[in-house]
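Single-structure report; data block below.
The values are calculated or read from the model by the stated rules, or taken from the named source; none is laboratory data. Everything quoted here is computed from the prediction, not taken from an experiment. Here the Cβ positions follow ideal geometry from the backbone for every residue, glycine too, while neighbour counts run over all protein chains shown. Note: areas computed on protein heavy atoms with side chains; ligands, DNA, RNA excluded. Shrake-Rupley method; radii C 1.70, N 1.55, O 1.52, S 1.80 Å.
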Amino acid sequence: MDTKFYINTEANDDDAYRLAMQFACELAKKDSNIKRIVLYIHTKQNTGWFDRLFGNETVKRLFNGIKFNDCPVPFKFETKLTYKGAMYGNTSDIVICCGIDADDILIIDDYHSVKYIIAIPWLRKFTEKWIKTWNAIEISGKEHENIKKNPEPSEIVKIAMQELTSVINMSTGITHHMDNDRAKTYIRTLHKYEPELNSDLVSSYLIRELNWDTRHAKDIEKLIDTLNNGRYFQGGEKTGLQNHYKRWKAKSIV
């Protein structure tokens, strides 16, 4: 079942919030594992859309949770500070991301308690990275023709990342010094010999296709950005890099 959705909208669009809540209720009716619908906002002050929809008193109650008559599960406000979704356990939440940027949505992707995400952009350009990473489904029928599937990294980059994935401890990412050194070697090699190394494309590929946790994919993204910005990092091999690249290139031809 598809679990990533968005609404093609920007700025103040009360209809988008109404639609997202209705859509979430329909998902909850079909999925008995869902226990609540989270309205995920930046801070306690970011409730303007809901003030207009429900009024101030209802908004106050939403911080403790409210069950509406036409929905089988309660709605509850959570903020970036208060929402600590479980990394393990049963999936139980539908999360409606209210004007949340892509990097913050990607973080809650890792929460095992989150089964469905519905993103409502404030500005589309700040949400597109998440939309493209998951090829999220637009639910309003207003698909924007400029939002297209994320292009893929080159075949050689894919092979390098697949190889890295096969040898590191996936539960800890590249935090162990040996895994960190290997990752730095691979990124340094790709940066030197590939025509382009796009950090967004690589991290999206790691998350979408190789099942990396977002926080670990971000570590790879930071290494790439460091080199792309003309800076350096300590660790990893600095010689013999061509041997790695030749190995990946040979595999890409087979």
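Here are the numbers for the structure shown:
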read-out	value
Selected residue (criterion: nearest to the chain's Cα centre (by Cα)) from residues of segment 16-49 that are at pLDDT 90 or above, within 18 Å of Thr79 (Cβ to Cβ) and aromatic (Phe, Trp, Tyr)	Tyr40
Neighbours by Cβ (under 6 Å, 6+ apart or cross-chain): first from segment 225-254, free of Cβ contacts under 8 Å to residues at least 12 places away in the same chain; second surrounded by 13 or more Cβ atoms within 10 Å (Cβ to Cβ)	Thr226/Phe233
Helices (runs of 4 or more DSSP H) (entirely within segment 171-254) containing at least 3 residues that are open to solvent by less than 30 Å² (accessible area, probe 1.4 Å) and among the β-branched types (Val, Ile, Thr)	177-193, 214-228
Condition check for Ile96: under 21 Å from Tyr17 (Cα atoms), modelled with pLDDT of 95 or more and open to solvent by less than 30 Å² (accessible area, probe 1.4 Å)	yes
Residues satisfying the stated conditions in segment 62-73, i.e. surrounded by 10 or more Cβ atoms within 10 Å (Cβ to Cβ) and in contact with a Phe, Trp or Tyr (Cβ under 9 Å, 6 or more places away or on another chain)	Leu62, Phe63, Gly65, Ile66, Lys67, Phe68
Qualifying residue in segment 50-61 (condition: within 21 Å of the chain's Cα centre (by Cα) and exposed (fewer than 14 other Cβ atoms within 10 Å of the Cβ))	no
Subset of segment 214-225 (residues that are under 15 Å from Trp130 (Cβ atoms) and of a type outside the set (S, T, N, Q))	Arg215, Ala217, Lys218, Glu221
Complete set of residues in segment 50-70 that are of a type in the set (D, E, K, R), under 14 Å from Met21 (Cα atoms) and in contact with a helix residue (DSSP H, G or I) (Cβ under 7 Å, 6 or more places away or on another chain)	Asp70
Residue in segment 206-229 that is within 14 Å of Arg182 (Cα to Cα) and small (Gly, Ala, Ser) present	no
Long-range neighbours under 9 Å by Cβ, at least six apart or interchain, first residue closer than 15 Å to Asp93 by Cβ within segment 13-29, second open to solvent by 80 Å² or more (accessible area, probe 1.4 Å)	Cys25/Asp70; Ala28/Lys35
Filter result for Lys125 (closer than 21 Å to Leu201 by Cβ and surrounded by fewer than 18 Cβ atoms within 10 Å (Cβ to Cβ))	yes
Enumeration of residues in segment 1-26 that are open to solvent by 20 Å² or more (accessible area, probe 1.4 Å), part of a helix (DSSP H, G or I) and under 19 Å from Val114 (Cβ atoms)	Phe23, Glu26
Some residue of segment 33-49 being of a type in the set (D, E, K, R), in contact (Cβ under 8 Å) with a residue 40 or more places away in the chain and surrounded by 12 or more Cβ atoms within 10 Å (Cβ to Cβ)	yes
